[in-house]
Amino acid sequence: DTGVSQDPRHKITKRGQNVTFRCDPISEHNRLYWYRQTLGQGPEFLTYFQNEAQLEKSRLLSDRFSAERPKGSFSTLEIQRTEQGDSAMYLCASSAREWRYFGAGTRLSVL
Amino acid sequence: AQSVAQPEDQVNVAEGNPLTVKCTYSVSGNPYLFWYVQYPNRGLQFLLKYITGDNLVKGSYGFEAEFNKSQTSFHLKKPSALVSDSALYFCAVRFSGNTPLVFGKGTRLSVIA
């Protein structure tokens, strides 16, 4: 499969725990994006990397959220001290041109 | 600020009938417009885009969309709906360059046999 892959597909955690998600983009894509999608809403932009540089962060990305793309390939999104409001689908996308290719997402449930 | 509105939460269509999923946008300058489809437990799949050129753009699976600058709309259309078209459809917009995509809330399309 040469698409965008995300791991894990589902994550259930207790409030206050830390979680980390991984995204592997399409190999030749230098741009990588994280979005969050809650029920009944469209995806909301969180952050964007070009190669290893994080170029933009949304105001949605609180201090508890951190994203990295250390070698310009895969990326991780960490949420510290999770809250119930963090429950959502976290989508990763990559691109080389105008449109994004999305992964299937990681569904986070915070109990 | 750029925004996208999808005025219908749900669209129901009989198989074989034409379908339209509506999208209007608000953005200054020249918009880049996109349609994505989301099937259950799957990521968003790119359907089509308008960047410049012909106002009628054709995309995957027989879908097309018409860019109407005066009405600031970019409605998705298909001449003959299939049951397999049933899914969640998202319209998205951004400026030129690499600004973030802004998505609408989505419209659930149900095609009934």
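The values are calculated or read from the model by the stated rules, or taken from the named source; none is laboratory data. Nothing here was measured: the structure is a model prediction, and the numbers come from that model. No Cβ is skipped: glycine too gets one built from the backbone with ideal geometry, and neighbour counts run over all protein chains shown.
Residues A:Ser75, A:Ser58, A:Ser62, A:Ser27: which one is modelled with pLDDT of 95 or more and over 22 Å from B:Val37 (Cα atoms)? Explain how you work it out, then say what you get.
Working: A:Ser58 fails: modelled with pLDDT of 95 or more; A:Ser62 fails: modelled with pLDDT of 95 or more; A:Ser27 fails: modelled with pLDDT of 95 or more.
Selected residue: A:Ser75, the only one of A:Ser75, A:Ser58, A:Ser62, A:Ser27 that is modelled with pLDDT of 95 or more and over 22 Å from B:Val37 (Cα atoms).
Among the residues of the stretch B:52-74, count how many are surrounded by fewer than 15 Cβ atoms within 10 Å (Cβ to Cβ) and in a loop (DSSP other than H, G, I, E, B).
Taking the stretch B:52-74 and keeping what is surrounded by fewer than 15 Cβ atoms within 10 Å (Cβ to Cβ), we get B:52-56, B:58, B:60-62, B:68-71.
With in a loop (DSSP other than H, G, I, E, B) added as a condition, the list becomes B:52-55, B:69-71.
Residues flagged as surrounded by fewer than 15 Cβ atoms within 10 Å (Cβ to Cβ) and in a loop (DSSP other than H, G, I, E, B) within the stretch B:52-74 amount to 7.
Hey, among the residues in the stretch B:94-113 that are touching a Leu at 6+ places or on another chain (Cβ under 8 Å) and away from chain A (no Cβ under 11 Å), which one's nearest to B:Tyr32 (Cα to Cα)?
Only one residue tops the list, namely B:Leu109.
Just to check your reading of the model, which residue among B:Lys49, B:Lys77 is of a type in the set (D, E, K, R), within 12 Å of chain A (Cβ to nearest Cβ), in a strand (DSSP E or B) and surrounded by 14 or more Cβ atoms within 10 Å (Cβ to Cβ)? Break it down stepwise before answering.
Values: B:Lys77 fails: within 12 Å of chain A (Cβ to nearest Cβ).
Every option except B:Lys49 fails the conditions.
Anything in the stretch B:27-46 that is among the polar types (S, T, N, Q), more than 8 Å from every other protein chain (Cβ to nearest Cβ) and more than 15 Å from B:Val93 (Cα to Cα)? List them, or say none. So that I can check it myself, show each step before the final result.
Step one: filter the stretch B:27-46 for residues among the polar types (S, T, N, Q), giving B:28, B:30, B:38, B:41, B:45.
When the remaining residues are screened for being more than 8 Å from every other protein chain (Cβ to nearest Cβ), the result is B:28, B:30, B:38.
Hit for the stretch B:27-46 is B:Gln38, nothing else.
In the stretch A:54-79, what residues are more than 14 Å from the chain's Cα centre (by Cα) and touching a residue at least 12 places away in the same chain (Cβ under 8 Å)? Break it down into steps so the answer makes sense when it comes.
Step one: filter the stretch A:54-79 for residues more than 14 Å from the chain's Cα centre (by Cα), giving A:55, A:59, A:63, A:70-72.
Within the stretch A:54-79, A:Pro70, A:Lys71, A:Gly72 meet the criteria.
Can you name the residue in the stretch A:2-24 that is out of contact with any Gly (no Cβ under 6 Å at 6 or more places or on another chain), within 12 Å of chain B (Cβ to nearest Cβ) and assigned to a loop (DSSP other than H, G, I, E, B) and is also nearest to A:Ala104 (Cα to Cα) among such residues?
My answer is A:Arg9.
Scan the stretch A:42-60 for residues that are surrounded by 19 or more Cβ atoms within 10 Å (Cβ to Cβ) and not hydroxyl-bearing (Ser, Thr, Tyr) and jot them down.
We begin by selecting, within the stretch A:42-60, every residue surrounded by 19 or more Cβ atoms within 10 Å (Cβ to Cβ); these are A:42-43, A:45-49.
Once the filter is applied, which keeps residues that are surrounded by 19 or more Cβ atoms within 10 Å (Cβ to Cβ) and not hydroxyl-bearing (Ser, Thr, Tyr), the stretch A:42-60 yields A:Gly42, A:Pro43, A:Phe45, A:Leu46, A:Phe49.
Can we say B:Val4 is closer than 30 Å to A:Thr106 by Cα, β-branched (Val, Ile, Thr) and over 12 Å from the mean Cα position of the chain (by Cα)? Let's see the steps before the verdict.
Values: closer than 30 Å to A:Thr106 by Cα: yes; β-branched (Val, Ile, Thr): yes; over 12 Å from the mean Cα position of the chain (by Cα): no.
No: the conditions fail for B:Val4.
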